[in-house]
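Encoded as C-alpha cells, the structure appears first; notes follow it.
The values are calculated or read from the model by the stated rules, or taken from the named source; none is laboratory data. Note that the structure is predicted; figures quoted are calculated from it, not measured. With ideal geometry, Cβ positions are generated from the backbone for all residues, glycine too; neighbour counts draw on all protein chains shown. Keep in mind that these areas ignore ligands, DNA and RNA; they rest on the heavy atoms of the full protein, side chains included. Shrake-Rupley method; radii C 1.70, N 1.55, O 1.52, S 1.80 Å.
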Amino acid sequence: GAKVACVDHDASLAKMVAEETGGIALVGDVNNRADVERAFAEAGKVGLIRGVVGIVGMPVFGSLLDFDEEKWRSQFDLVFNHACLAIQIGGRAVVSAGGGWMVFVGSMAGITKIPGQSAYGVAKAALHKLIGAAANELGPSGVRVNAVAPGFVRTPRLKSMVSAESWKAMDSMTAIGHTAEPTELAAVILFLASDLASHVTGHVRLHDGETD
C-alpha cells in the first residue's frame with residue numbers, strides 16, 4: 001500500500017525496482033550525507049515518509065590479519081555508516097510524519113562466526129547494536145526500529161557467485177532444509193513494517209532457517 005522510493009547508486013537498478021513496485025527511482029550514494037538528505041527530500045515530495053528499509057551491504061572476504069585499512073573502512077562504510085545516516089536523516093523524516101518504522105538488514109555474520117567474514121561480521125554486529133540504540137531514542141516519538149539478520153539468501157548476486165553444488169550443501173545445513181528465497185526475507189521485513197508488529201522494536205530477528 002505504500003509508495004516506494006527506491007534509492008541506489010546505479011540508476012538502472014533503482015529504476016528496475018521502482019517499476020516493480022510502482023514507485024519512484026532515486027540515485028545517490030547512501031554514504032554521502034548530502035545525497036541521503038536529497039533522497040529523503042525528494043521522497044518527501046511524494047508524501048509523508050512513514051518507513052525506511054535499509055538493505056545495503058556486501059562482504060569483503062579475507063583473513064582479519066590481512067585486511068588493510070581501506071578494506072576495513074569499506075566494510076564499515078557500506079554496512080554500518082549508511083545506516084547511521086539513514087537513521088539520523090530518515091528518522092527525523094519519520095518523526096515529522098507522526099511516527100512509523102525503520103527496518104534494516106543485518107546478517108547472521110553479526111551474530112555467529114563465519115570464516116572469512118570477520119570484518120563484515122564486526123560491522124554487522126555494530127549495526128545490530130545501533131538498532132537497539134535507535135529504537136530506544138526514537139521510541140518516544142512513535143518510531144519503531146528493527147532488523148532482520150538473514151543467513152544465505154538466493155539473491156541474484158549470490159546466485160551468480162555460488163555453484164549449484166554449494167547451494168545444495170548450504171540447503172542441507174539448515175534445519176528447514178533450504179536456504180531462503182528473497183521473498184521469504186521480504187515477508188519478515190513486511191511484518192516488521194506492518195501494524196502486526198506495532199509492539200515490536202529494538203529487535204534483531206535471526207532469519208537463517210535454523211532452530212537455534
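Take L48 and decide whether it is over 30 Å from T174 (Cβ atoms) and either at pLDDT 90 or above or crowded, with 22+ Cβ neighbours inside 10 Å (or both).
yes
Which members of segment 11-50 meet the condition of being farther than 22 Å from T183 by Cβ and of a type in the set (D, E, K, R)?
Matches in segment 11-50: D29, R33, D35, E37, R38, E42, K45, R50.
Report the residue count in segment 9-36 for those that are part of a helix (DSSP H, G or I), surrounded by fewer than 15 Cβ atoms within 10 Å (Cβ to Cβ) and charged (D, E, K, R).
Residues that pass the stated criteria total 3.
Please list, ordered by first then second residue, the pairs with beta carbon atoms under 9 Å, 6 or more apart or interchain, first in segment 32-43 and under 16 Å from V56 (Cα atoms), second of a type in the set (S, T, N, Q) and open to solvent by 60 Å² or more (accessible area, probe 1.4 Å).
R33/Q88; V36/Q88
Taking S74 as the residue in question, decide whether it is of a type in the set (S, T, Y), out of contact with any Lys or Arg (no Cβ under 6 Å at 6 or more places or on another chain) and at pLDDT below 95.
So S74 passes the test.
Just name the residue that is farthest from G139 (Cα to Cα) out of those in segment 165-205 that are open to solvent by less than 60 Å² (accessible area, probe 1.4 Å), modelled with pLDDT under 90 and not hydrophobic (A, V, I, L, M, F, W, C).
S166
Among the residues of segment 116-164 satisfying the criterion of being more than 19 Å from V204 (Cβ to Cβ) and basic (K, R), which is surrounded by the most Cβ atoms within 10 Å (Cβ to Cβ)?
Step by step, filter segment 116-164, then rank; the result is R154.
Considering only residues that are over 22 Å from M58 (Cβ atoms) and in contact with a Lys or Arg (Cβ under 6 Å, 6 or more places away or on another chain), look in segment 88-115 and name the one that is surrounded by the fewest Cβ atoms within 10 Å (Cβ to Cβ).
A97
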